[in-house]
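Reviewing the structure listed below.
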Amino acid sequence: MAFELPALNYAHSALAERGMSQETLELHHDKHHQAYVTALNGFVEKNADLQGKTLEEIVALSYKDPDLAPVFNQAGQHWNHIHFWNALSPEGGRIPGTLEGKLVESFGSVDQFKEAFKAAAVGQFGSGWAWLIQTADGSLAVTKTPNGVNPLATGEGTALLGLDVWEHSYYVDFRNRRPDYVSNFLDKLANYDFAESNLA
Ligand code: MN3
């Protein structure tokens with residue numbers, strides 16, 4: 001069964017007032033994400049070892065396998081973008097109580113969490129992702145990954161909230177101002193209810 005592009009949970013125009021335009025979502029979801037899905041399906045079609053595997057299984061088995069590097073790039077990006085659309089909300093920015101408690105416990109304060117996340121997102125050289133993760137001991141941490149890599153592949157922890165920092169995610173709305181895109185995400189777009197729902 002071929003992988004499919006999931007529909008957004010909100011209209012393409014729903015985030016425009018909060019800093020992510022309809023044009024960005026049309027390009028990013030309908031074009032970029034679709035391209036990853038199409039390419040991944042092309043690889044699966046030609047490789048019997050990949051057929052019948054879940055997306056998570058393909059991410060795990062292709063990570064760091066030089067022969068499967070092109071497969072990993074597409075599978076990782078498909079997984080990352082499914083996560084990312086859920087990490088955005090037309091009512092974003094509001095942090096529910098349980099998650100807030102965990103953030104304070106792990107980072108000292110919500111502001112210190114945001115500073116750490118922003119440092120990771122801005123500090124990721126070139127294309128990649130910033131993540132809020134829950135590590136094996138239950139505490140929260142911030143990490144960054146290049147290109148299509150994610151915490152599922154690295155085994156660093158469970159992804160709670162991921163932010164795409166590839167230029168295609170912010171160039172229409174913020175041009176070269178990645179720090180402003182990251183701050184806007186944390187304050188206005190981040191779906192912290194989704195992040196909380198990912199807690200163990
Ligand atoms: Mn992207």
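The values are calculated or read from the model by the stated rules, or taken from the named source; none is laboratory data. As the structure is a prediction and not an experimental result, all values here were calculated from the model. Note: ideal-geometry Cβ built from the backbone for every residue, glycine included; neighbour counts use all protein chains shown. For the accessible areas, the whole protein counts, side chains as well, though only heavy atoms, and no ligand, DNA or RNA atoms are used. Shrake-Rupley method; radii C 1.70, N 1.55, O 1.52, S 1.80 Å.
Here are some notes:
- Proximal aspartates and glutamates to LYS188, defined as alpha-carbon separation beneath 13 angstrom and excluding residues fewer than eight positions away on the same chain: GLU17, GLU91, ASP180
- For the chain, carbon and sulfur atoms together expose 50% of the accessible surface, with a 1.4 angstrom probe and every protein chain in place.
- Candidates per GluC sites (Glu not before Pro) in the range 54-112, loop by DSSP, up to 14 other Cβ within 10 Å: GLU91
- Here the Gaussian network model covers the chain, with springs between Cα atoms less than 10 Å apart; of VAL44, VAL71, VAL122, VAL44 fluctuates the most.
- Centre-to-centre separation between the Cα atoms of the range 1-42 and those of the range 95-157: 23 Å.
- Counted charge near VAL37, where neighbours are those whose Cβ lies closer than 14 Å (Asp, Glu -1; Lys, Arg +1): -2
- Debye log10 I(q)/I(0) for the range 146-200, one point scatterer per Cα, at q = 0.14, 0.22, 0.31 Å⁻¹: -0.46, -0.95, -1.16
- Spacing of the two label points (7 Å from each Cα toward its C-beta) at THR158 and GLN22, in nm: 3.8 nm
- Trypsin sites (Lys or Arg not before Pro) restricted to the range 94-200 and DSSP loop, no more than 14 other C-beta within 10 Å: ARG94, ARG175, ARG177
- Percent antiparallel among DSSP beta bridges (both partners in the range 97-197, rounded to 5): 100 percent
- Residues in the chain average 47 Å² of solvent-accessible surface per residue, probe 1.4 Å, ligands and nucleic acids excluded.
- Stretching the chain fully between ALA60 and GLU45 yields a gain of 3.6 nm (0.36 nm per residue, less the alpha carbon separation).
- Neighbourhood net charge (14 Å Cβ-Cβ; Lys/Arg +1, Asp/Glu -1) for ILE82: -3
- Cα-only Debye scattering, the range 97-197: base-10 log of I(q)/I(0) at q = 0.15, 0.20 Å⁻¹: -0.56, -1.00
- Hydrodynamic radius of the chain per Kirkwood, over alpha carbon pairs, in Å: 17.2 Å
- Average silhouette area of the range 72-114, convex hull of alpha-carbon atoms, in square nanometres: 4.1 nm²
- With a cut-off of 13 Å between beta carbons, the residues surrounding HIS168 carry a summed charge of -3, where Lys and Arg count +1 and Asp and Glu -1.
- Filtered chymotrypsin sites (Phe, Trp or Tyr not before Pro), the range 71-150: DSSP coil and at most 11 other beta carbons within 10 Å: PHE125
- Calculated mean residue ellipticity, 222 nm, the chain: -12500 deg cm²/dmol, from DSSP H runs (n ≥ 4) at -39500 (n - 2.57) each, averaged per residue and rounded to 500.
- Translational diffusion coefficient of the range 21-86 (Stokes-Einstein, Kirkwood radius from Cα pairs, 37 °C, 0.692 mPa s): 267 µm²/s.
- Cross-link table LYS31/LYS114; LYS102/LYS144; LYS64/LYS144, entries beyond 27 Å C-alpha to C-alpha: LYS31/LYS114
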